[in-house]
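Right, one structure below, let's go through it.
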Amino acid sequence: MSIPAEPVTVPDVVRELSRGADLVCVWDNDYGGLTFRATPAEGDVFYIKWGPRNEEFTLRDEAERMTWAGRWIRVPTVLDQGGDRTHEWLVTAAIDGDSAVDPRWVAQPEVAVRAVGEALRRLHDALPVAECPWTWDVEGRIANAERRGIEVPARFHEAPPIDRLVVCHGDACCPNTLIGPDGRWIALVDMAMLGVADRWADIAVASMSTEWNYGPGWEDALIEAYGVEPDRERLAYYRDLWNAA
């Protein structure tokens, strides 16, 4: 996942959804998906996420989960969601903030990492496990991977004992936290995999992603901002599972 370095061809459906707004591609992902910022001549900025259908999750999943999570934390408001035989799209209202991997925050990793850790803790504390209709547990993740033809080693079926069940983000990598001008987190995005699991499933991925985005040395700083001591066994297991499945 990255900010596009080259010009991007705007899909026809994105132009239709933009209703004449100026479009800038702000993100692409590993699945061939694109996210555009749409700035109309009048009215509020909004975002259009577009991409090919894939077997792991759908943008309908994301729309449902964000709408549910938005009862307790700040997330983008869903404006439209749809698809055709090969592709799907999601339109959301803009939030006045920047991704934690915006160049401004990449240049200030100590601020960004703190914001991501604090946002993740807020998510875990705020969303009610008993009311969450989705799971992101180990067995479900392995089954999802195997449906997609990925052979997951047998050792992953033996997960560490659960520390604390929470509603996990499911893709807690740093880009999915939005930061306001004051350096504090203001919202979370990209929740297509949100579901109940051990909190270390999220903490492991969030802290691991600091090296991808800010370089080495920031993993434990994120865990400190979250408010726990590093659990090396659970971190290793859930990072390996992320890479395997």
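The values are calculated or read from the model by the stated rules, or taken from the named source; none is laboratory data. Since we're looking at a predicted model, the values are computed, not measured. Cβ atoms come from the backbone with ideal geometry, glycine included; neighbour counts cover every protein chain shown.
Checking T177, T135 one by one, the residue that is in the same structural domain as D102 (by TED's automatic domain parsing), hydroxyl-bearing (S, T, Y) and crowded, with 21+ Cβ neighbours inside 10 Å is T177 and no other. Residues of segment 22-45 that are among the acidic types (D, E) and surrounded by fewer than 17 Cβ atoms within 10 Å (Cβ to Cβ): D22, D30, E42, D44. Within segment 105-128, the residues that satisfy the criterion of being farther than 17 Å from S209 by Cβ and either surrounded by 15 or more Cβ atoms within 10 Å (Cβ to Cβ) or not assigned by TED's automatic domain parsing to the domain that holds D202 (or both) are R122, L127. Among residues that are in a helix (DSSP H, G or I) and touching a residue at least 24 places away in the same chain (Cβ under 8 Å), G140 is included. Looking across segment 78-96, the residues that are in a strand (DSSP E or B) and either under 20 Å from the mean Cα position of the chain (by Cα) or outside the structural domain of G32 (by TED's automatic domain parsing) (or both) come down to V78, L79, D80, Q81, G82, H87, E88, W89, L90, V91, T92, A93.
For R37, which of the numbered conditions (1) closer than 27 Å to D125 by Cα; (2) of a type outside the set (A, V, I, L, M, F, W, C); (3) touching a residue at least 40 places away in the same chain (Cβ under 8 Å) fails to hold? Among (1) closer than 27 Å to D125 by Cα; (2) of a type outside the set (A, V, I, L, M, F, W, C); (3) touching a residue at least 40 places away in the same chain (Cβ under 8 Å), R37 violates only (1).
In segment 143-154, which residues are under 19 Å from C168 (Cβ atoms) and either without any contact (Cβ under 8 Å) to a residue 12 or more places away in the chain or assigned to a helix (DSSP H, G or I) (or both)? Across segment 143-154, the qualifying residues are A143, N144, A145. Annotation: of all residues in segment 46-103 being aromatic (F, W, Y) and at pLDDT 95 or above, the one that is surrounded by the fewest Cβ atoms within 10 Å (Cβ to Cβ) is W72. Filter segment 61-77 for residues that are under 23 Å from L23 (Cβ atoms) and either outside the structural domain of D30 (by TED's automatic domain parsing) or of a type outside the set (G, A, S) (or both) and give the result. Passing the criteria: E62, M66, V75, P76, T77. The residues in segment 1-32 that are assigned to a helix (DSSP H, G or I) and either touching a Ser or Thr at 6+ places or on another chain (Cβ under 7 Å) or in contact (Cβ under 8 Å) with a residue 60 or more places away in the chain (or both) can be counted, and the count is 3. Just so you know, in segment 97-111 the residues that are more than 15 Å from the chain's Cα centre (by Cα) and outside any loop (DSSP other than H, G, I, E, B) include one that is nearest to W27 (Cα to Cα), and it is P103.
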